[in-house]
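Peer 1: Sharing a structure with you now.
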Amino acid sequence: MLNAFCFNNKLMRKIISLFTGAGGLDIGFHRVGFEPTICVDNDYESCKTIRKNTTWPIFEGDIRKFNFIGKVSGVIGGPPCQGFSSAGKGDPNDSRNFLWREYFRIVTKAEPDFVVLENVTGMLHKKNLHQLLGLVNKLKKLGFIVNYGVLNAADFGVPQNRRRLFLLAGRGFKIPLPTPTTTEFKTVRQALTDLETVSTGIHNHSPNNHAPHVVKRWSDLLPGEVDPSYRRARLDGDAPSTTIRAGGGYGPKGNHLGGFHPPIHYSLPRQLTVRESARLQGFPDDWIFDGSKTAQGRQVGNAVAPPVAEAVARCVLEALELHETNLADDNATHMINDCSPKYA
């Protein structure tokens, strides 16, 4: 038997958040005036993070066992991307590639006015494109006007080059993609300089103690230079960061490494802390990540950068309000015509 969450139909800007993770997409939408009615995720430690930072209700479990009764303003989420990502194996038959169908199932139940889906750009690759087009076609049959494209987080004030696919769909109206909010990219140094000498009193900011030979090797690395033993580069302090990833990275023989292995600090001979990685994603410092350090890093790497999410949410809200105004004007016109005196 499916679990069901039932809510009053008279919701004001209520949304369902699917594959919530650490809540990056939700933070952006909440800032604009949307409220998650339910967050759905099966990762125990991500759910702990949401509970630590918010009072949003959570369905912790397999999305295939989640059902929703009622109506909301929107459905947002980013289905797992490992099967589409160029950083992973990129298996087109990965079972996680098909979870967008669960996303669509919930859209049909909740009858939202809009949907927002985020994923890696690998979903546009010819071996994966049929998955994206499958969702697009199904949404169109429900009356949605679909728009999608790639956004780079650096264009929205995030100190990181992070290109992600965003699909925006309105039921009967078009939602434009947000335009860049800046042409002056924020640098790694601007984002992290105040954390260089501080290691206490800030959540998730616990530097690793690396072995002496690692410290020596990393001390000699130039900006952008890759450590051949761990295939990680030192960040350039005067440019946006490379993409912060959730995966473990690779060893000298191409072997996949477990754990949290972010880039190397631009001026210190150590890897970034979780908090530094979160800063480069645009998370506020008071957003606390729960779980092991590996789990915290995975949550950061998997998240949508909140400033990008906010820019998307503003486009959604503006398009939604315009659509509602047009509907109201149309209804008023019909009422006037219906009430007009009839002449012989």
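Read-outs: derived from the displayed coordinates by stated rules, not from any lab. This structure is a prediction, so every number in the text was calculated from the model and none was measured. Counting neighbours? That spans all protein chains shown, and the Cβs are built from the backbone with ideal geometry, glycine included.
Peer 1: Quick one: net charge of Ile16's neighbours, Cβ under 14 Å, K/R +1, D/E -1?
Peer 2: Net charge in that neighbourhood comes out at -1.
Peer 1: Subtracting the Cα-Cα distance from 0.36 nm times the residue separation, let me have the gained length for Lys52 to Ser206 in nm, one decimal.
Peer 2: Contour length minus the Cα-Cα distance gives 53.6 nm.
Peer 1: Follow-up. Could you please rank Ile106, Ile264, Ile288, placing first whichever residue has the fewest other Cβ atoms within 10 Å of its Cβ?
Peer 2: Ile288, Ile106, Ile264
Peer 1: Using the Karplus curve 6.51 cos²θ - 1.76 cosθ + 1.60 with θ = phi - 60°, work out ³J(HN,Hα) for each residue of the range 203-213 in order, rounded to whole Hz, and write x for Gly and Pro.
Peer 2: So the Karplus estimates, Gly and Pro as x, are 4, 6, 10, 10, x, 6, 9, 7, 5, x, 5 Hz.
Peer 1: Moving on. Give the shape of the range 95-156 as rounded, prolate or oblate, defined through the alpha-carbon gyration tensor: a ≥ b ≥ c are the square roots of its eigenvalues, a/c under 1.5 means rounded, and otherwise the shape is prolate if a/b is larger than b/c and oblate if not.
Peer 2: Oblate, because a/c is 1.5 or more while a/b does not exceed b/c.
Peer 1: Give me Glu60, Glu321 ranked fewest to most by other Cβ atoms within 10 Å of their Cβ, as a rough exposure proxy.
Peer 2: By the 10 Å Cβ count, ascending, the order reads Glu321, Glu60.
Peer 1: If amide hydrogens are placed 1.01 Å from N in the peptide plane, which non-local residues have theirs closer than 5 Å to the one on Ser241?
Peer 2: Gln160, Asn161, Val188
Peer 1: Under the classification rounded if a/c is under 1.5, otherwise prolate if a/b is larger than b/c and oblate if not, where does the range 153-205 fall, given a ≥ b ≥ c as square roots of the Cα gyration tensor eigenvalues?
Peer 2: Cα axes put the range 153-205 in the prolate bin.
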